Structures are given as structure tokens and as C-alpha cells.
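Structure first, then comments.
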Amino acid sequence: MFTTSEIIEYFVKYIAPISIAFANFFKLIYKIRFGFLHISKSKTERIFTLFSQDTCKNTANRYALYIAVADALSSFYPIPEIEFAFARSNPLVMLRDMRAVRHLVRLNPEKNAIESPRKKSARYFYLQSNLSYGISAFSYFPVMAFAIFIQHKSQVIGAFLVISYVTLAILGFWRGLQMNRASQLLQCEKFYPRLS
């Protein structure tokens, strides 16, 4: 049906540029995700100075910490979440992750632990994460094979399949990232160990 030269030409013309675009897109997402964590040294030092003070003796310190974190991370976090995160390694990343997956897992201040409101385990979120990544990655082959096959009959349907795949792949990778964050937060002793 297709000659080898046609397949190579199609790959060079379409698949390779799309793959490079995907790689650059995810590289951009990675840079954006970690770029905002490069907070100025003065803001970080201010947060740690406030946190090192005894917050039980002076309630104003707790609110000063709340404002300092909001200033540094450009977002407001509940005080129990701030105190929970700053008792662990890499607290700024932990706070960002807690905010991103608050709909999946959240801090229970009474137990001082992160829990899933729907009683899901870390393993469940880990498996969902891998499933999302796998479906996004491996659905490429059947969708693109069908798009190549159908493009001779209808280029509109072929283009629609490619655009649908790109959209669903991005959503799948995003869902996988969210599930992975939730899994890590439920295992915070492993991924965010307590400071000694």
C-alpha cells in the first residue's frame, strides 16, 4: 500500500517536526513549572527567619509568615499548610504541589497528615499517573497509523485525528502529573522528609 520511500518522506515531513514540537512544548512546561521556584534570596530568607521564631508565643508571627509566603509564592496558603511544609525538606515545592492537587489530597490539621478525602491510597494515585502517561504515549501509534491510512480518503478526518490526539495527550500528561504529585504528597515522609 505504502512504499518505504513514501513512509520515510511522510515521517520526515510530518512526524519528525511534530515530535520535535512536542519535545519543545514539554521542555517549556518544565521550565515554567520550575522557573517560578527561583525566588529571590531575600524573600526566602525572610520566610525562614519568621518560621524559626516561636510562633506559639506570638500569633502575629504566624500572620507575618502567612504574608511572607504569599509574597514569595504569589499565592495564599492556609497557615497549617505553611507550618506543615516548612517542617520538611523542600517546603516551597511542597506548598506548590499541595496547592496544585488540593482537589485530590489535603492536609488534615487535626492528624497533621495529608489525606485523600475520597480515601484513595498513594498506590492508587501512582497507578493512575502511570496509566495516564501510558495512554498518552502509546495511543500515538494506533491514532497516527489510522490517520495515515485515512488521509487518502479524507484529509479532514486525518487532521482531526492528529489534533484530537495532541489535545488528549496534553491532557493525559497533565493528569498524570497531578496524580503523581498526589501520590508523592501522600508519601510525604519519603519524598519530603522531616527536617532533623
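Here are the numbers for this structure:
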{"read-out": "Breaking point among (1) aliphatic (A, V, I, L, M); (2) more than 21 Å from residue 171 (Cβ to Cβ); (3) open to solvent by less than 40 Å² (accessible area, probe 1.4 Å); (4) in contact (Cβ under 8 Å) with a residue 40 or more places away in the chain, for residue 148", "value": "(3)"}
{"read-out": "Helices (runs of 4 or more DSSP H) fully within the range 73-170 counting 2 or more residues that are out of contact with any helix residue (DSSP H, G or I) (no Cβ under 9 Å at 6 or more places or on another chain)", "value": "140-150"}
{"read-out": "Output for the range 171-196, where each listed residue is modelled with pLDDT under 90 and in contact with a strand residue (DSSP E or B) (Cβ under 8 Å, 6 or more places away or on another chain)", "value": "188, 192, 193, 194, 195"}
{"read-out": "Any hit, the range 124-141, residues being over 18 Å from the mean Cα position of the chain (by Cα) and hydrophobic (A, V, I, L, M, F, W, C)", "value": "yes"}
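The values are calculated or read from the model by the stated rules, or taken from the named source; none is laboratory data. Fair warning: this is a prediction, and the values are worked out from it, not measured in the lab. Glycine gets a Cβ as well: all are built from the backbone with ideal geometry, and neighbour counts include every protein chain shown. Only protein heavy atoms, including side chains, enter the accessible area calculation; ligands, DNA and RNA are left aside. Shrake-Rupley method; radii C 1.70, N 1.55, O 1.52, S 1.80 Å.
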